[in-house]
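Notes follow once the structure below has been shown.
The values are calculated or read from the model by the stated rules, or taken from the named source; none is laboratory data. From a predicted model like this one, the values you see are computed outputs, not experimental measurements. No Cβ is skipped: glycine too gets one built from the backbone with ideal geometry, and neighbour counts run over all protein chains shown. Accessible surface is based on the protein model in full, side chains and every heavy atom, while ligands, DNA and RNA are left aside. Shrake-Rupley method; radii C 1.70, N 1.55, O 1.52, S 1.80 Å.
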Amino acid sequence: MSFKSGGASRSLGHALSSRSSPPVHDGEPSVVVDDAQRSCWASMPPELLRDVLMRVEVEESSWPARKYVVACAGVCKSWRGVVKEIVMTPEVSGRLTLPISVKQPGPRNFPLQCFIRRNRTTRTYHLYLGLTQALTDSGKFLLAARKYRRPTCSEYIISLNADDMSKGSGTYIGKLRSNFFGTRFVVYDAQHPDSGVTISRSRPTRLVGSKQIAPRVPAGNYPVVHIAYELNVLGSRGPRRIQCIMNSIPASAVEPGGTAPTPTELSFSNLDSLPSMPFLGSKSSWTENVSGSLFAKEEMLVLKNKSPRWHDQLQCWCLNFRGRVTVASVKNFQLVASDSAGQEQDMVLLQFGKVGKDLFTMDYQYPISAFQAFGICLSSFDTKLACE
């Protein structure tokens, strides 16, 4: 067997994807094949297999053709192992391919351009990777979230499946939870981000029998981001002031040669076996939760919103979003790294802004992952009684 042209490798990927079942995730085959077929594919010589898959990887460099690479990963265990070896992380390749990509840091030298669609009726939010520079393309689905109201807080359940954000979902990967006033949030990851973390533990959270109450998902997860909104003395006319403490990312990650944790596998635990999360109440308890975080000997990365400038002619606060934001909104923000002295760096690591009634752009880059960025942006949607 040999592949002498791009058409041949594309035909292989197309043949595999044409037999695909609905999208699944790491550890599960995404192609329906019987035992005889699986044995045939698995018995290919390793050198030939690697050569074939590398050709598919190189030629199908963007979505939607990228689905052929994912289809190859679903053939059998040996194929999946090779695909995981040759598919580079977003930091290196600048591409999101396998499901684990949403948990890995973005590119170092440019942002990945995404957008979020909000559905007010269902209280759902869908994150897509932009496929073109236009804001009208359908995009590549990445993550989904649904908002649930509890008596004392709000929760956003984050899933890899746009249609399954139910209790006990196998595609649950994390959540965002607020305090009563909507001023403090914590992003929880369902698995630790490859660093020395400790799981949060507290007394079980009581569930209330109401449709507006969140389903019972892992209440005890790994806190990866603490978000705080400060009091806005200017009301709705002024920009929000945000601070994000990235528990899983060291401050050195934004320095030349610095690194951030990069998970390589997605794991789905028994959701009901995890302990419950602490309630986010007073400022003191929030600070205590931050201090007991992932890095014992190294400072955590702190992000702050870039200070806007007042435009005399427009009579509003302005930031340069480089054409990615077109509608003025208090939700719009740009986050930059802040050092121990409180000085802002110039590079924008995450920006979020409104472009339509229920359409928002989200651009992020190293050392932040799509999952972390999505969680931070979801916090901007929540009502903030003390800030506005």
At 0.36 nm per residue, and after removing the present C-alpha to C-alpha distance, how many nm does the segment from Leu314 to Glu255 gain when stretched out fully? 17.6 nm
To the nearest 10 square angstrom, what accessible area does Met54 show with a 1.4 Å probe? 90 Å²
Can you tell me the alpha carbon radius of gyration of the stretch 81-199 divided by the globular rule-of-thumb value 2.2 N^0.38 Å? 1.18
Given a Förster distance of 22 Å, the FRET efficiency implied by the Cβ-Cβ spacing of Phe110 and Thr264, rounded to the nearest 0.05, works out to 0.45
How high is the FRET efficiency from Ser93 to Asp358, r the C-beta distance, R0 25 Å, rounded to 0.05? 0.20
Please list Arg117, Arg177, Arg123, Arg150 from largest to smallest accessible area, probe radius 1.4 Å, with all protein chains kept in place. Arg117, Arg123, Arg150, Arg177
Once the whole set of protein chains is in place, how much accessible area is left on Thr264, using a 1.4 Å probe, in Å² to the nearest 10? 90 Å²
Please compute the alpha carbon radius of gyration of the stretch 58-98, then divide it by the globular-protein estimate 2.2 N^0.38 Å. Two decimals is fine. 1.09
Once fully extended, how much extra length lies between Asp51 and Glu344, figured as 0.36 nm per residue of separation less the alpha-carbon to alpha-carbon distance? 100.8 nm
Of Lys84/Lys304; Lys84/Lys175; Lys77/Lys147, which ones are farther than 32 Å apart at the Cα? Lys84/Lys304; Lys77/Lys147
Calculate, for Ser61 and Val327, the FRET efficiency according to 1/(1 + (r/R0)^6) with r their C-beta to C-beta distance and R0 25 Å; round to the nearest 0.05. 0.15
Compute the signed sum of charges (Lys and Arg +1, Asp and Glu -1) over the other residues within less than 9 Å, Cβ to Cβ, of Thr361. +1
